[in-house]
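One structure below.
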Amino acid sequence: MTDFFKGIAPVRYEGPQTANEFAFRHYNPDELVMGKRMEDQLRFAVAWWHSFAWPGGDPFGGQTFERPWFGDSMDAARMKADAAFELFAILGQPFFCFHDADIRPEGATFAESLRNFEGMVDYIGRKMEGTRTKLLWGTANLFSHRRYMAGAATNPDPEVFACAAATVKACMDATQRLGGQNYVLWGGREGYETLLNTDLGRETEQAGRFLQMVVDYKHKTGFKGAILIEPKPQEPSKHQYDYDVATVYGFLKRFGLENEVKVNIEQGHAILAGHSFEHELALATALGLFGSIDMNRNDMQSGWDTDQFPDNVPEMARAYYEVIRAGGFTTGGTNFDAKLRRQSLDAGDLVLAHVGAMDVCARALKAAAALWQDGALERARAGRYAAWDRPENQAMLGSDLASVAQRAVKESLNPAPKSGRQERLENLWNRFV
Ligand code: XUL
Ligand code: CO
């Protein structure tokens, strides 16, 4: 037990009219949305790294947060875990996510770090027995330690590749042991700072082999969860190989992994790649890759991955509409890969950041579900392509260029342009959000 959250009671749904700051206004776990409990639709997760490990630094200054568990001992790591489970009890969210480096102190040697990690996995496993909080996904931190400064699997030094393999194996074992539903790989430093010293062909080949080994290990150990890649175009590296969903799809195809690996899509990463969140989600669904989401928002002016908590219902509604179109989450969920601003020092700030974000997502889900159930948007979309359902038109796709060309001439085709109705659909959209 810590007293960090002292005086903050478990947060409950009280409805939009409540004056209680520490209440949910829209997130009502048991309310049915499209026939499914809201909790099971949204599948919220708290991110260990931002909520408990991040000290509040920025490129110009260090730690602003003072947390009683900051330190590099196992005792401090256990206190951090205690505080984490106290937050989980307050929020009642069903899941959490972690990297190895979030939960364990760094050891003097690589082997000691692994032992610390195993000790903390045991400790967290015991804490989970007494609660209903489950593990959405585990992952490896292959970017903070200086050994990974030139990449992990893509490193020019094969010994770093081996350390990366040992870390990922330990994190996959831990994820399986704790009943995790997914295993995530974010290639933090899998990319380059300058092409002048980089053999891009070799590095992507190494990344592909590494991922094949991860998938083989999953099958060998019988891990039932999904393997997810989290695309991001840059930051910390100038260029990262898992640039966006389309790039990841090409990479998976190259290594024969497109049926083995899915994606974890983050709002801020989509924006850094010059896309919208909904674009990345829609493309993942179209390519059969949709897995999970990292929910946050970027500051639209800063050009950085600012990892703020979401605060914009219409924006999130676009995202959840795509989640609904994807058929909803299976193993995936909504992980708040979001951190407090560095001036938000208090325990209450950490709780209310999550409460507000959960409410924003709940409102967005409800709006998206209402639009989906209304059906008008999907009827309009289907109507736009309806001619393609006719056999003579379908036949063209199985034909060849010369035959299709001949049809255009023989039938004197002169297709009449039709309205795309964008503004009408935007008006329809705005009736629901
Ligand atoms: C970094 C990021 C990571 C991954 C997990 O931008 O999103 O926290 O989600 O490694
Ligand atoms: Co993320």
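The values are calculated or read from the model by the stated rules, or taken from the named source; none is laboratory data. Note that this is a predicted model, so its numbers are computed, not measured. Cβ placement follows ideal geometry from the backbone for every residue including glycine, while neighbour counts extend to all protein chains displayed. Each accessible area value is taken on the protein alone, full model and side chains, heavy atoms only, with ligands, DNA and RNA left out. Shrake-Rupley method; radii C 1.70, N 1.55, O 1.52, S 1.80 Å.
Projected label points at Asn259 and Arg147, each 7 Å from Cα along the beta carbon direction, are separated by 3.6 nanometres. Note on region 385-432: Kirkwood radius taken over Cα pairs, Stokes-Einstein applied at 25 °C and 0.890 mPa s, translational D equal to 182 µm² s⁻¹.
Put simply, when 202-215, 63-76 are sorted by average Cβ atoms within 10 angstrom per residue, most first, you get 202-215, 63-76. For Ala45, the residues whose modelled amide H falls within less than 5 Å of its own, excluding neighbours fewer than 5 places apart on the same chain, are Thr334, Asn335, Phe336. Treating the angle as unsigned and between 0 and 90°, give the value, to the nearest 10°, between the Cα long axis of helix 158-177 and the longest Cα principal axis of the chain. Value to nearest ten degrees: 90.
Neighbours of Glu190, meaning other residues whose beta-carbon lies under 15 angstrom from its beta-carbon, give a summed charge of -2 when Lys and Arg score +1 and Asp and Glu score -1. Spatially, region 240-281 and region 46-73 are offset by 29 Å when compared through their Cα centroids. Annotation: lysines with alpha-carbon distance below 20 angstrom to Lys366 (same-chain offsets under eight excluded): Lys36.
Loop-only GluC sites (Glu not before Pro) in region 92-164, please: DSSP not H, G, I, E or B, and at most 16 other Cβ atoms within 10 Å. Those satisfying the criteria are Glu106.
Dimensions of region 37-83 from C-alpha coordinates, computed as largest minus smallest value along each principal axis and given longest first, are 41, 30, 12 Å. Spatially, region 145-194 and region 331-355 are offset by 26 Å when compared through their Cα centroids.
Taking θ as phi - 60° and the Karplus parameters 6.51, -1.76 and 1.60, the scalar couplings of region 260-277 work out to 10, 10, 10, 10, 10, 9, 10, 3, x, 5, 4, 5, 4, 7, x, 10, 9, 4 Hz in sequence order, x denoting glycine and proline. Taking every DSSP beta bridge that has both ends in the chain, the antiparallel portion is near 15%. With Cα atoms as the point set, the radius of gyration and Dmax of region 104-219 evaluate to 15.4, 53 Å. Per residue, the Cα convex hull of region 8-115 amounts to 156 Å³.
Using 0.36 nm per residue and subtracting the Cα-Cα separation, the extra length available between Leu200 and Ala286 on full extension is 28.1 nm. The length gained on full extension between Lys127 and Met1, counted as 0.36 nm times the residue separation minus their Cα-Cα distance, comes to 44.2 nm.
Remark on region 186-263: ratio of C-alpha radius of gyration to 2.2 N^0.38 Å is 1.11.
Taking GluC sites (Glu not before Pro) across region 335-428, the ones in a DSSP loop with at most 13 further Cβ atoms lying within 10 angstrom of their Cβ are Glu411. Highest mean first, the peptides 188-200, 291-303 sorted by other C-beta atoms within 10 Å per residue fall in the order 291-303, 188-200. Using a probe radius of 1.4 angstrom, the carbon and sulfur fraction of the accessible surface of the chain is 52%.
Counting only DSSP H runs of at least 4 residues, each contributing -39500 (n - 2.57), and dividing by the residue count of the chain, the helix-based mean residue ellipticity at 222 nm comes to -14000 deg cm²/dmol. Taking every Cα-Cα distance in the chain and sorting them into 20 Å bins from zero, the calculated P(r) comes out as 24, 54, 19, 3, 0 percent. In the context of the full set of protein chains, the chain has a per residue accessible area of 48 Å² (1.4 Å probe).
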